[in-house]
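First the structure, in the form of structure tokens, and then the observations on it.
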Amino acid sequence: MQTLIEISNLNLYYSSVHALKNVSLSIPEKAITAFIGPSGCGKSTLLRTMNRMNDMIPGTRIEGKLTIGGTDIYSNEVDVETLRKKVGMVFQQPNPFPKSIYDNIAYGPRLHGIRNKKQLDEIVESSLRAAALWDEVKDHLKRSALSISGGQQQRLCIARALAVNPDILLMDEATSALDPISTLKIEELTQELKNRYTIVMVTHNMHQAARVSDQTAFFLNGEVVEHADTEKLFSNPSDQRTEDYISGRFG
Amino acid sequence: MSMPTLPASKAKRGRTDAGSTYSFKNEKKSLADTVMPLLLFLCAAVSILTTIGIVVTLLTETYHFFREIPIFEFLTGRKWSPLIPPVSYGILPLLSGTLLITVIACIVAIPIGLASAIYLSEYAPSSVRRVVKPILEVLAGVPTIVYGYFALTLVTPLLREIFPQMGVFNALSAGIVVGIMIIPMVCSLSEDAMSAVPRSLRDGAYALGATRLEVALRIVVPAAFSGIVASAVLAFSRAIGETMIVTVAAGSTPKLTANPLESIQTMTAYIVQVSLGDTPRGSLEYGSIFAVGMTLFVITFLLNILAQYVARRFREEY
Amino acid sequence: MGVLQDANRKQIAGRRRLDFALHLLFVAATSVGVVVLMALLVDILIDGASRLQPDLFNQYPSRRASQAGMKSAIVGSLYMLVIMAPLSFVLGVGAAIYLEEYAPKNRLTRLIQLNISTLAGVPSIVYGILGLAIFVRAMQLDRSLLAGALTMTLLVLPIIIVSSQEAIRAVPRSRREASFALGANKWQTVARAVLPSAFPGILTGVILAMSRAIGETAPLVMIGAMTYVAFLPNDLLDSFTVMPIQIYNWIARPQAEFRELAAAGIVVLLAVLLLMNFAAILLRNKYNKKV
């Protein structure tokens, strides 16, 4: 598998807190990489450095290098809007805008300059299909996005992210607020999406990482303890701390 | 009472009359617990009495006034001349004066207040917010008589450099300063509405590659729209009721005009003008205060109700 | 390579320029308030500096600008504050306690609540009309200190009630429950567990309401505090004047000397208000830290 995201010696500070310590990681293209670890271990922080959502938190300082497809995303030539268009994100809580289902999906394409109604219609349909939501909502696209269930809302947010045609999809504990059936649906969805997108997911749930990911990285106190193929990491971890964590001895 | 004696005394009381059962009866129902609710209710009732007082006062005096001057003539008359014969009580000139001031004030206050709110809620680093917000609070606390002085001695002379034909008393200067006075109100109410929009909606838009401006104008402002509209309505109502600035700077010549360079009179300024003279109770002039006051009260009351309705009815669910 | 390059660079650059331009515009709009406040203060200080002398505080108003001062106005404002503060504090906080702690959830309560928020938006001059009809005429208090103070009490009540309610509401439920769990009755809980926690917040609101009243002119013009007062009020039924009215009186005169007096009077008034605001901000900061 070819590497798409290359992180080397990354350090991140929130004011005086050293949140990521010397992280180095290679994330492969068109596969699912899962970050696991106890809360506060830095896995979400690392995820948010990949589309520079951390920029907006005052007092954040980053050292080291993070390249996507060979481009250092913290260099001056990169503008964050383009970066975020290419690196989509799905959040822990479904966060549809208080607009119609259609307008939610069309929001991103419109931002990026698509005005043509027919083109927007096509994007809305293909994104909703890709997020396995089309059949459930196709008859009421004008309805408020807040009127559908939480699981549907989260798939809507996935569709919204896909609508700007990203290469990478970041999922920040995207199923933790959902019921088991909705969770299952989204897990199935990720299996389809990984043929076209590079997916990085943060999860609280080790079993989820084991079920869906190709590679897994285990975080502890802001460091990457171990990064390996999922099968290997769960069956034959090389670090004692990883073993303790996956066998449920802490965290 | 110290700790150790408490169980002992309780035990003595409990055991003597009912064997080993506890008594949960209240030995002495505290006086405070029966009297206080009533006293407190009376405090709250003062506000109801105030409203009743306002309405009854205005109604009775206005009723006497309307027996002399037909209400239709009052509401549609185009000439307000209570002192110089032929005496005429047509409120339209006062209404148009009030409206002129209010419109000028809103043209100043709503864009500036809203833009400040967007800046403070979406752009400003917290260090700037910490400095600017208290300044706006101070600006909101400046007495209106001080604004009146400001309008008369600084703003009017400046404006007369631009419009030499303008008089010392004019609607433009007073309107601009009324607008400045209500900027903090528009700003803080709109900002409250914007900061109630959850962080997650902003994150969702940023993650799609939106700029700060796009997040502000396409996500935050639409989501906070009801609160913003309510702040604008309240600003309008506040401008209508403003008294001292217009009394000092806008003049005392009631006229039907839309020319902001002219001197006009508002409803509030008329009320002040009459009460400065010693008008005998029962005279037509005395009654006219109440008729004008009633008009003022009804308009601002309706606007305030409208603002509350807008804020509640169109509240977005996030 | 090229992952981040294929987007429409031109389009994004345009959007960023717009963002930047509007950012500047928003900053400019925000600085209007700051600039105006500075201009206002400088203007007034320049105009009034020459008259900021002991005479301003020692002399009574006079036909001759050179001899005029605002002694009776300063004392009048002070007396009014002394009458109004306890009255509005008791009534306002009492109403707030009732609404937050005792009021049943019914129509009457909703009506009172709606009524209070509506009263807060009634123009101050309407309170003047009310005061004129009720206190001055019907109760025959005449144009007295007491009539003025009662009118202003009604004016600030809604402000005090709303801010006190907020302060009371901010007291965590757990504190009430802890008190009830120790066997306290309702009033004991309110008086000993809720009010002490809410007190700094309540006091902040009361101070701000008082500073509003000190600067208020229109209602007192209505009830006739305008009279030329060359003495200090001796009892509640004496006529009186207050600072903003004295200032208005001076502004209304055409002579430049009186303008200077007005500016000097405004400096005094603003100094008092800034002190009160400052006290309120200090209290609030202290309160916010404690939570």
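The values are calculated or read from the model by the stated rules, or taken from the named source; none is laboratory data. Note that this is a predicted model, so its numbers are computed, not measured. Note that each Cβ is placed from the backbone with ideal geometry, even for glycine, and that neighbours are counted across all protein chains shown.
Here are the numbers for the structure shown:
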| read-out | value |
| --- | --- |
| Qualifying residue in segment C:235-250 (condition: aromatic (Phe, Trp, Tyr) and either outside any helix (DSSP H, G or I) or surrounded by fewer than 20 Cβ atoms within 10 Å (Cβ to Cβ) (or both)) | yes |
| Members of segment A:65-80 that are under 30 Å from B:VAL128 (Cα atoms) and more than 17 Å from the chain's Cα centre (by Cα) | A:TYR74, A:SER75, A:ASN76, A:GLU77, A:VAL78, A:ASP79 |
| From the options C:LEU87, C:LEU52, C:LEU78, C:LEU56, residue that is within 12 Å of chain B (Cβ to nearest Cβ) and surrounded by 13 or more Cβ atoms within 10 Å (Cβ to Cβ) | C:LEU87 |
| Criterion (in the same structural domain as B:ILE91 (by TED's automatic domain parsing) and touching a residue at least 40 places away in the same chain (Cβ under 8 Å)) met by exactly one of B:THR257, B:THR279 | B:THR257 |
| Considering residues of segment A:26-46 that are of a type outside the set (S, T, N, Q), in contact with a helix residue (DSSP H, G or I) (Cβ under 8 Å, 6 or more places away or on another chain) and surrounded by 15 or more Cβ atoms within 10 Å (Cβ to Cβ) only, the residue farthest from A:MET206 (Cα to Cα) | A:ILE32 |
| Complete set of residues in segment A:144-158 that are under 11 Å from A:ASN104 (Cβ atoms) and either in contact with an Asp or Glu (Cβ under 8 Å, 6 or more places away or on another chain) or not polar (S, T, N, Q) (or both) | A:ALA145, A:LEU146, A:ILE148, A:LEU156, A:CYS157 |
| Of residues in segment A:139-153 being buried (at least 17 other Cβ atoms within 10 Å of the Cβ) and not in a helix (DSSP H, G or I), the one nearest to the chain's Cα centre (by Cα) | A:ILE148 |
| Total residues in segment C:95-135, condition touching a residue at least 60 places away in the same chain (Cβ under 8 Å), more than 7 Å from chain B (Cβ to nearest Cβ) and closer than 19 Å to C:ILE168 by Cβ | 3 |
| Residue list for segment A:14-25, restricted to those being loosely packed, with under 15 Cβ neighbours inside 10 Å and closer than 24 Å to B:ARG212 by Cα | A:SER15 |
| Flag if B:THR57 is in a helix (DSSP H, G or I), under 30 Å from B:ILE245 (Cβ atoms) and of a type in the set (Ser, Thr, Tyr) | yes |
| Residues satisfying the stated conditions in segment B:61-94, i.e. hydroxyl-bearing (Ser, Thr, Tyr) and within 26 Å of the chain's Cα centre (by Cα) | B:THR62 |
| Subset tally (residues that are within 26 Å of B:MET244 (Cα to Cα) and either at pLDDT below 85 or in a loop (DSSP other than H, G, I, E, B) (or both)) for segment C:181-225 | 5 |
| Residue under evaluation A:THR3, criteria (1) within 19 Å of A:VAL200 (Cα to Cα); (2) buried (at least 17 other Cβ atoms within 10 Å of the Cβ); (3) of a type in the set (Val, Ile, Thr), criterion not met | (2) |
| Flag if A:VAL80 is within 12 Å of chain C (Cβ to nearest Cβ) and buried (at least 18 other Cβ atoms within 10 Å of the Cβ) | yes |
| Matching entry among B:THR51, B:THR153 (being in contact with a Lys or Arg (Cβ under 7 Å, 6 or more places away or on another chain), of a type outside the set (Asp, Glu), within 12 Å of chain C (Cβ to nearest Cβ) and without any contact (Cβ under 8 Å) to a residue 24 or more places away in the chain) | B:THR153 |
| Residue within segment C:52-67 that is of a type in the set (Gly, Ala, Ser), part of a helix (DSSP H, G or I), closer than 26 Å to B:ALA151 by Cβ and in contact (Cβ under 8 Å) with a residue 24 or more places away in the chain present | yes |
| Pick from segment B:259-301, criterion among the hydrophobic types (A, V, I, L, M, F, W, C) and more than 10 Å from chain C (Cβ to nearest Cβ), ranking: farthest from B:VAL186 (Cα to Cα) | B:LEU284 |
| Some residue of segment C:189-203 being surrounded by fewer than 22 Cβ atoms within 10 Å (Cβ to Cβ), within 30 Å of C:LEU141 (Cβ to Cβ) and touching a residue at least 12 places away in the same chain (Cβ under 8 Å) | yes |
| Selection status of B:VAL246, closer than 21 Å to B:VAL177 by Cα and more than 8 Å from chain C (Cβ to nearest Cβ) | yes |
